[in-house]
Structure formats: C-alpha cells, structure tokens
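What follows is a single structure, written as structure tokens, with notes after it.
The values are calculated or read from the model by the stated rules, or taken from the named source; none is laboratory data. What you are looking at is a predicted structure, and each value in this text was computed from that prediction instead of being measured. All Cβ positions, even for glycine, are placed from backbone atoms using ideal geometry, and neighbour counts span all protein chains on display. These accessible areas exclude ligands, DNA and RNA; they are computed on the full protein's heavy atoms, side chains included. Shrake-Rupley method; radii C 1.70, N 1.55, O 1.52, S 1.80 Å.
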Amino acid sequence: MIKIALLGFGTVASGVPFLLEENASKIEQAVGGRLEIAKILVKDESEKQRLVEAGHDYHFVTDVAEIMTDQDIAIVVELMGRIEPAKTFISQALAAGKHVVSANKDLIAVHGKELLALADQHQVGFYYEAAVAGGIPILRTLANSLTADKVTRLLGVLNGTSNFMLTKMVDEGWSYEQALATAQELGYAESDPTNDVEGIDAAYKAAILSQFGFGMTVDFETVRHSGISTITPADVTMAQQLGYVIKLVGDVRETASGLSVEVAPTFLPKSHPLASVNGVMNAVFVESIGIGQSMFYGPGAGQKPTAVSVVADLVQLGRAITDGQVISAFNGFAQETHLAQPEDVTNSYYFALSIKDEAGQFFKLAQLFAKENISFQQVLQTEGDGETARVVIVTHEMSLVQLDRVRTQIATADQVTLLNHFKVLGV
Ligand code: HSE
C-alpha cells in the first residue's frame with residue numbers, strides 16, 4: 001500500500017478519493033498495490049469540523065508538519081492553488097523525500113524550474129499533468145508519446161472561461177460585459193476574473209507547454225499575453241464576415257532565432273480545427289514533423305476531469321514505487337532556451353481603424369502601412385457617419401517589429417485612430 005496526503009480538500013481534491021474508489025480495481029492493477037489517502041491538510045478546525053459533519057471519514061490535519069514528518073507518506077498532492085503557501089509546502093515535501101503531484105499552473109509556470117531542481121536534488125518526482133488543460137492528457141502525450149517526433153508549433157485554446165465568453169459573444173451576439181456576468185454567475189470566472197480574461201491563466205499554461213513541446217524553460221515574464229476584454233461586437237461581426245472566429249489562443253512555435261510564446265485573441269479561419277472548440281472546452285493543436293497535425297480536445301477544468309489527470313500522476317509514481325524504480329522526470333526533454341527575435345515572429349494582423357471620411361484619407365492610411373513594407377490582404381470600409389469611416393484591414397504576414405512601428409505611425413498620424421488590432425492565423 002502506498003500512502004498519500006492531500007494538501008487542500010476543495011472541488012478537485014475531493015474528486016481524488018472519489019476516483020480512487022470508483023476505479024479501485026483498475027487503479028490497483030496499474031499501480032501494483034493500493035493508493036491510500038492517509039492524511040488531508042485543511043485550513044483550520046472549523047473546516048475540519050464541517051467536513052467531518054458532512055460525512056467525510058478521513059484523517060484531517062491542520063498542521064502541515066503532521067504530513068511532512070510522517071515517514072509513511074510517500075506522495076503529497078498539492079491542490080491548494082496560488083503561490084503561497086503551496087510553494088513552501090511543495091518545497092518541504094520534496095526536501096523530505098516525498099514525491100509531489102500538483103495542478104498549480106501559476107506556481108509551476110513561475111517557479112517550476114526551482115521546484116524541479118529541488119525534486120532532482122532529492123531524487124523524487126514532481127508531476128503536474130492537471131496543470132495544463134485539466135482533463136486533457138497533453139503533457140504526458142508530449143513528453144512520452146511524441147518523444148520521437150519534432151514539435152514545431154503548439155496552438156491551444158487553454159482557458160475555458162474566456163472561451164465560454166467568446167462563444168457567447170460570437171454565437172449569441174452577447175457583449176463582453178454580458179458574457180462576463182454570466183461566466184461569473186455560472187462559477188466559471190472568479191469574482192476577480194483578471195487571470196482568465198487578460199490571458200494570464202492561458203500564458204501560464206503556454207509557458208508549461210513550452211517545456212514539454214520544445215524542452216525550453218521560458219521565463220514567465222517573457223510570455224507575451226493579451227486578453228479578450230478589448231474585443232467589441234463590431235470586431236466579432238467583422239471576424240464572421242471575413243470567415244473567421246475569434247478565440248484566445250496560446251501559440252508556442254519555433255522561429256529561426258528561437259521560441260516564440262504568446263497568448264492573444266486570434267482570428268482563426270472557420271475551417272481550422274480549433275475554431276470549433278466552443279464553450280468551456282479546451283484543445284491543444286500540435287504541429288509536428290512526424291505526425292503532421294493532431295488535436296487533443298477536452299474539458300480544461302472541473303472536478304472529475306482534473307482529478308483524472310491528478311490520479312494519472314499518482315498511478316505513474318505509484319507504479320515506480322511498487323517496482324522499486326528510480327522515479328523518472330515528468331519531462332525528460334531539456335535544451336538551452338533561445339527566445340525568438342521580434343523580427344522573426346510573423347503573423348497576419350487585423351486592424352480596425354477610424355479615419356476621416358473624405359477624399360485622400362484612405363491613400364494616407366495606405367501610405368502608413370506601405371512605409372513599413374506591410375502588404376494588405378483584405379480591405380473593407382464598413383460604416384460611415386459622414387464624418388468618420390470604420391476601415392478594416394487584414395495584412396499579409398508581418399513581423400512584431402513592423403507591428404510596433406506601424407502602431408507608432410498610426411498613433412502619431414492625424415485623423416486616424418487605431419480601434420483594435422488582432423492576430424490572424426493563416427489557413
Ligand atoms: N480558470 C481556468 C479556465 C481553469 O477557465 O480554464 C483552470 O485552469
């Protein structure tokens with residue numbers, strides 16, 4: 001029997017004992033023994049009391065030392081979220097020679113390097129399949145199943161909350177505010193939804209995907225990210241008319257100079273497989289030399305989906321313990337990190353602009369783009385009130401350097417206002 005401890009007993013954590021019981025025989029066969037929840041850390045006595053009264057028959061503790069000093073506990077499962085005290089507790093567990101399973105993407109994206117080094121130093125495992133796209137087994141797939149393949153690009157719909165909101169904005173014509181209020185009512189978005197809607201949560205996941213797809217540990221600060229809060233109904237309508245769907249997309253790819261890691265609202269062609277990922281669902285689209293294109297789709301959150309990924313980590317660790325094997329690293333792929341130079345990161349872009357509605361203004365606008373050697377793919381004048389006109393431009397591929405320069409040009413030009421700009425994915 002292998003004893004485990006849970007740190008936290010929230011929604012996902014309570015799904016772990018449920019699965020251990022529901023699939024007991026299958027899990028026991030995979031592990032070669034039983035996984036037993038020996039102790040559960042809760043916040044305080046009143047939480048302990050509440051859980052006991054609700055009928056939970058576990059050994060609840062309020063002092064983490066009772067877990068860290070217990071020599072019989074082999075694996076600690078951290079499901080508290082956020083940085084502290086999770087980071088301290090994980091560090092203590094690793095230093096005490098315990099294997100750790102976590103779903104904490106914020107912590108792993110920002111402090112993963114340090115924690116993995118600690119795990120390595122103490123020859124224990126630190127596994128976190130549930131940290132990216134909850135119920136989709138994408139990390140182990142990249143680390144194990146695609147070992148013999150070379151990944152060139154990962155594109156992901158990685159945040160269920162913003163995808164739910166965008167789906168409502170596209171399919172039902174809801175405003176951003178209406179979609180956010182409903183996401184909060186349904187419990188998808190937090191009362192402070194910043195991480196979800198500003199692309200921060202997806203950026204954590206993109207940083208972790210970089211390790212698994214490309215063996216590169218990127219500093220979270222270098223992940224370019226923007227969110228969905230600036231998308232207007234006019235942009236949504238225009239995307240539809242041009243044959244696109246707007247999604248918040250994580251994009252990790254190789255360029256000539258290094259890795260580009262970005263999360264941004266993106267116009268996806270309606271024919272792209274990611275365009276049909278709707279509601280709270282997540283997906284990761286993998287471009288690789290061997291397989292070509294593959295897509296992994298499923299729920300990115302929720303009690304059982306996330307707990308399935310947590311238990312998968314427990315089973316891997318449990319099997320190695322049963323067999324007396326040295327625990328292998330969750331991701332064995334590592335190479336020197338090189339980040340892409342901005343001139344090597346190219347995309348098409350959608351620009352929505354307001355210009356004065358009179359002869360010659362369009363010519364001036366075209367000159368601003370021509371000066372930066374940016375070529376147009378599609379141009380549309382969508383509406384006018386006699387004074388100003390709304391103009392939409394979709395460009396051919398241009399670099400981040402060109403993007404910066406043309407934005408500066410527009411900002412300093414007379415009678416032209418940049419209303420919005422978004423990345424456009426080619427077919
Ligand atoms: N808040 C996340 C989402 C779920 O909306 O996808 C956990 O990562």
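Measuring r between the beta carbons of Arg82 and Glu336 and using R0 = 41 Å, the FRET efficiency lands at 0.85. Radius of gyration (Cα atoms) of the stretch 236-280, expressed as a multiple of 2.2 N^0.38 Å: 1.33. Listed cross-link partners Lys39/Lys304; Lys39/Lys98; Lys150/Lys270 are compared with a 18 Å cut-off, the Cα-Cα value being larger for Lys39/Lys304; Lys150/Lys270.
Remark on the stretch 149-299: hydrodynamic radius 15.6 angstrom, per the Kirkwood mean of 1/r across alpha carbon pairs. Within the listed set Gly199, Gly55, Gly300, the Gaussian network model of the chain (springs between alpha-carbon atoms below 10 Å) gives the highest mean-square fluctuation for Gly55.
For the ranges 206-212, 402-408, 257-263, 20-26, what's the packing order if you count other beta-carbon atoms within 10 Å of each residue, average per peptide, and put the highest first? Can you show the working numbers first?
On the way: 206-212: 26.1, 402-408: 16.9, 257-263: 22.3, 20-26: 12.0.
By packing density, highest mean first, the sequence is 206-212, 257-263, 402-408, 20-26.
Taking every Cα-Cα distance in the stretch 272-427 and sorting them into 5 Å bins from zero, the calculated P(r) comes out as 2, 7, 11, 12, 11, 11, 11, 9, 7, 6, 5, 3, 2, 1, 1, 0 percent. In plain terms, the bigger the Kirkwood radius, the slower the diffusion; for the stretch 42-170, with that radius from Cα pairs, at 37 °C and 0.692 mPa s, Stokes-Einstein puts D at 192 µm²/s. Taking all protein chains as present, what is the carbon and sulfur share of the accessible area of the chain, in % to the nearest whole number, probe 1.4 Å? So the carbon and sulfur contribution to the accessible surface is 49 percent.
If a spin label sat at a point 7 angstrom from the Cα of Glu287 along the line to its beta carbon, the backbone N atoms of the stretch 223-253 nearer than 16 Å would be those of 249-253.
Among DSSP beta bridges lying fully in the chain, give the percent that are antiparallel, nearest 5. That works out to approximately 70 percent antiparallel. Give me the angle, in degrees from 0 to 90, between the Cα long axis of helix 176-185 and the longest principal axis of the Cα atoms of the chain, rounded to the nearest 10. Tilt of helix 176-185: around 10 degrees. Between Arg407 and Lys270, full extension at 0.36 nm per residue minus the direct alpha carbon distance yields a gain of 46.6 nm. Straight-line cross-link reach from Lys364 at under 21 Å between alpha-carbon atoms covers these lysines, not counting any fewer than eight positions away in the same chain: Lys356. Rounded to the nearest Hz, the phi-derived 3J(HN,Hα) couplings of the stretch 20-37 under the Karplus curve 6.51 cos²θ - 1.76 cosθ + 1.60 (θ = phi - 60°) are 4, 7, 4, 10, 3, 5, 4, 5, 5, 5, 5, 7, x, x, 9, 9, 10, 7, where x marks glycine and proline. For the peptides 177-186, 333-342, the ranking by packing is 177-186, 333-342, with the highest mean count of neighbouring Cβ atoms within 10 Å listed first. Only Cα sites of the chain enter the Debye sum here, all with the same form factor; the resulting log10 I(q)/I(0) across q = 0.08, 0.13, 0.15 1/Å is -0.50, -1.10, -1.37, listed in q order. The Rg/Rh ratio for the stretch 346-422 is 0.94, where Rg is the radius of gyration of the alpha carbons and Rh is the Kirkwood radius.
Counting only alpha carbon atoms, the long axis of helix 303-323 and the longest principal axis of the chain meet at about 50°. Here r is the Cβ-Cβ distance between Ser257 and Glu358 and R0 is 41 Å; the resulting FRET efficiency, rounded to 0.05, is 0.40.
Heavy-atom accessible surface of the chain, averaged per residue, reaches 43 Å², computed with a 1.4 Å probe.
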